[in-house]
Amino acid sequence: MADDEYLLTKNTVIVDGERDNTETINNLLYQKPNSKLPIIGNLRLNIYNLARPNIDSIIEKNLTKRPNKRENYEQLLSRKQLNKYIQSRKDFNAWLKKTGEAPVIVDINKTKRSAKRLQDYYINNGWFDVEASYEIKKNEKKRAEVEYYVKKGPSFIIDSITANIKSPIIDTLYKNIKKEALVRSNEQYKTSDFNQERDRITNELRNSGIYHFKSDYITFEIDTIGTNKKLNVDINIQNRTIRTPDSVRYEPFKVYTIRDVNIIADYTFENRGKPFQDSISYNGYKIYSYNKMRYRPKAISDAIFINPGDIFRDIDRTRTYRHLNELRTFKYPNIDYIENPDNTLSDTIRLTPLKKFSLGFSADVSQSNIQTVGFSLNPSLLIRNIFRGAETFEISAITSIGASKDGNRNNMDDPFFDINEYGIDLKLTIPRLFSPFYTEGFIPKYMSPSTRISLSTTSQTNIGLDKQTLSGILSYNWYPNKKVSNRLDVFNIQYVRNLNVDNYFGVYQNSFNTLNAISSSLNYNNGNDLLFPIQTDAFINDVLNNNTSLTPNDDGYKTVASINERKQRLTENNLIISSSYNFTNDERTNLFDNDFSIFRAKLELAGNLLSTSSRLLGLNKNTDGRYELFNVAYSQYIKTELDYIKHWDLGNKNVLAIRSFLGIAIPYGNSNNIPFAKSFFAGGPNDNRAWTAYSLGPGSSETTNEFNEANLKFSFSAEQRFNIFGNLNGALFVDAGNIWNVLDNVEDERATFNNFSSFEDIALGSGFGLRYDFSFFVFRFDVGFKTYDPSYQDQNRWFNDYNFSNAVYNIGINYPF
């Protein structure tokens, strides 16, 4: 640094004698100190300082400091290799500068501009007499701090508001909308309120038939002379300006109506000017086609909000654009208005169809803890306008094969690829509510209602419990606004059939080992290991029927009973007929928004329809007293989930994010437990990252099950995200939560939620992570440490396994929440 240069180390803003360190105020300053990381400090500045400012001359000086040094290098490396070496040093030096952060040197001009910006900020928020100054405090270590001083003075309050409007129709309309005004008497002046009020008035008028209106016609005059810190506001709205080559004239605004709407259903640039071969008049619309009409008129008219005979409204054009795009049948539409002499508009909508058929194909190679290698193929076919109503029909298939790590260990004759899955998914999307009832009254078409009907089936063969699944869904979707979405699954039918039940203990080895240990302690099988399924099932039956020395009060008996209960639940076939409602309120404005909240809620009811009609249908009960349909006991439960996410943008790529989740599923009627597929689990890269998926809980139980699940879950996560340099970001996080059994047939006190004291079993994990932003996705690596482990029960639960050897390493795509 030069003698008169100082490194900026700190900014302080003092407003009326008190320090203001809010992000809003800090963002007003043109210069900020170099970024710092926890513990590490000015990492990026240190990286930048490693770069040499005059690398070219340094390299040249190094090559010429001894006679013939360059020639010796050229003989040793060749001239080409030497040039590559020189360029690599330059490239590395450039990388250091790009990755690092240049030192922030105090700039007096930027300091003055910062003070001016602070002053302008308070003026724009109603303190017209504000004064802003600064002081630069330097020290002998070439460091400096800048202190800004702001004296706001009294605030100015809006007193009277007067409207001066030239056009009579605008005056009438304004009187109807002024009750929603953002500029109000007795409130403090804010420039943003005036800007928003101008936009509000403009939108209201353009949605009330005033076709030619623009925000430029609105001006505000503010009088502060002799008003004792009060503001008198005049809102002026001028007449329409009409410019011709020779003159400018002013006329009152008029309301425009839509005279006719013409729709070209198969427009292309090549067809322009050709005669139409087909046309239809429907509900006032005129639909034309250069070829034979491919669409039912209702399919198109349902997506059009510009109606003949209505007044002009900007929002109708916006909704028409959106709904036509949502059909996934046309390219981006073109909507043109033509002004007629009688204050009417003729609208022409040009639609260019997409291809009727679209093929898709994806492939994937994967590896997991049970699979050495796996390959999957996913072809798909999309058919547009399949029933001439702008419906889309999608057929997708999945086929995968894989080699298990343990499946062939004992049988060399088995094929190498012993894991396979195949299935097909049919999905029909209808751009309206497919219902025998009239729904326009409570779900109007501006909410983009749609119906989705899907049917899928899969067959899975692997080293575990082979299964077949069949599911069908009828769902409605609608969107009241850009932030809110609703989904109603009218029917959701799922059938799961387990095919390889005899291999249960081959899959759940921990349960088998526990069962086998109890058998050995009783010398049940002459000290030999149990064989499954015959000997394991026989041992379980003997224990539960009191044919061994174990009694119901013994821990061994309880463990065997628990293993049997879990085995029966995980191997039984499932029939779930449910209805559910999902609500989402997403406050994000775009993909790059870092200051938003998301709230999701779900309510699901299963089995009620069958429960009501069981006797009428003549359904039989099984030995457990449960009604069966097609020899399968149907599930009955109520399930609800609440999920809340909040992000705070702290500036400088620094984000604080939290997530809270509460879920509970209560069995009743025909069920005394929740199907495995509908249960909750804890742990994993998107949950409590100090535990692997399914390994946490339930409660404080020291379970050895491979897959732990329960019907009550609570979780909370907080994460501080910050930029390290470039596209590399870091994070510090804390995850808390657990799962419990409640109101079902599980009796283990350690696994059940009894009262508020059960919250003592909430597990706590903490850790850090790295994220690299590839723009289209984020690669994530997190390390989680068990901070508070409830499985230690009566022992000290804090920091028992808080080390890298017991840490959990998570890899994921995109952020966890």
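The long axis of helix 534-544 is offset from the longest Cα principal axis of the chain by roughly 90 degrees. Helix-only estimate, please: 222 nm mean residue ellipticity of the chain, summing -39500 (n - 2.57) across DSSP H runs of length 4 or more and dividing by its residues, to the nearest 500. Estimated from H runs of four or more residues: -6000 deg cm²/dmol. Restricting to DSSP loop positions (anything but H, G, I, E, B) with no more than 13 other Cβ atoms inside 10 Å of their own Cβ, which trypsin sites (Lys or Arg not before Pro) remain in segment 765-817? The qualifying sites: there are none.
Subtracting the Cα-Cα distance of residue 595 and residue 656 from 0.36 nm times their residue separation leaves 21.1 nm of extension gain. Using only Cα atoms and rounding to the nearest 10 degrees, what angle (0 to 90) does helix 168-177 make with the longest principal axis of the chain? Long axis of 168-177 versus the principal axis of the chain: about 40 degrees.
Based on the Kirkwood approach, the hydrodynamic radius assigned to segment 659-699 is 11.7 Å, with every pair of different Cα atoms included. When volume of the Cα convex hull per residue in Å³ is computed from the coordinates, the matching label among (1) 252; (2) 326; (3) 215 is (2).
Compared with the dominant principal axis of the Cα atoms in the chain, helix 55-64 is inclined by about 80°.
Using the Cα centre of the chain as origin and beta-carbon charges of +1 (Lys, Arg) and -1 (Asp, Glu), tell me which of 540, 564, 730 is placed farthest towards the positive end of the dipole. Farthest towards the positive pole: 730.
Between residue 277 and residue 795, the modelled labels are 8.2 nm apart [label points 7 Å from Cα along Cα→Cβ]. Neighbour counting of Cβ atoms within 10 Å sorts the residues 323, 212, 647, fewest neighbours leading, into 212, 323, 647.
Between 743, 75, 340, the Cα set farthest toward the positive side of the dipole of the chain (charges on each charged residue's Cβ, about the Cα centre) is that of 340.
Inverting the pair-averaged 1/r between distinct Cα atoms of segment 157-251 gives 14.4 Å as its Kirkwood hydrodynamic radius.
Subtract the Cα-Cα distance of residue 426 and residue 229 from 0.36 nm times their separation in residues, and report this length gain in nm to one decimal. Don't jump to the answer; show the numbers that get you there.
Details: separation 197, 0.36 × 197 = 70.92 nm, distance 6.89 nm.
Difference between extended and current length: 64.0 nm.
Please sort 735-742, 305-312 by packing, taking for each peptide the average over its residues of neighbouring beta carbons within 10 angstrom, highest first.
With the highest mean Cβ count within 10 Å placed first, the list reads 735-742, 305-312.
Run through the DSSP bridge list for segment 7-151 and note the antiparallel percent, rounded to the nearest 5. Bridges in segment 7-151 are about 60 percent antiparallel. Per-peptide packing, taken as the mean over residues of other Cβ atoms within 10 Å, places 74-83, 760-769 in the sequence 760-769, 74-83 from highest down. Of the GluC sites (Glu not before Pro) found in segment 1-43, those that fall in a DSSP loop while having at most 16 other beta-carbon atoms within 10 Å are 5. Looking at segment 649-738, the GluC sites (Glu not before Pro) that sit in a DSSP loop and have at most 13 other Cβ atoms within 10 Å of their own Cβ are 702, 706. Residue order for 692, 399, fewest other beta carbons within 10 angstrom first, comes to 399, 692.
Bear in mind these aren't lab numbers, they're just calculated from the coordinates by the rules spelled out. The structure presented is a predicted model; accordingly, all values stated were derived computationally and were not measured. Cβ coordinates were reconstructed from backbone atoms using ideal geometry, including for glycine residues, and neighbour counts include every protein chain displayed.
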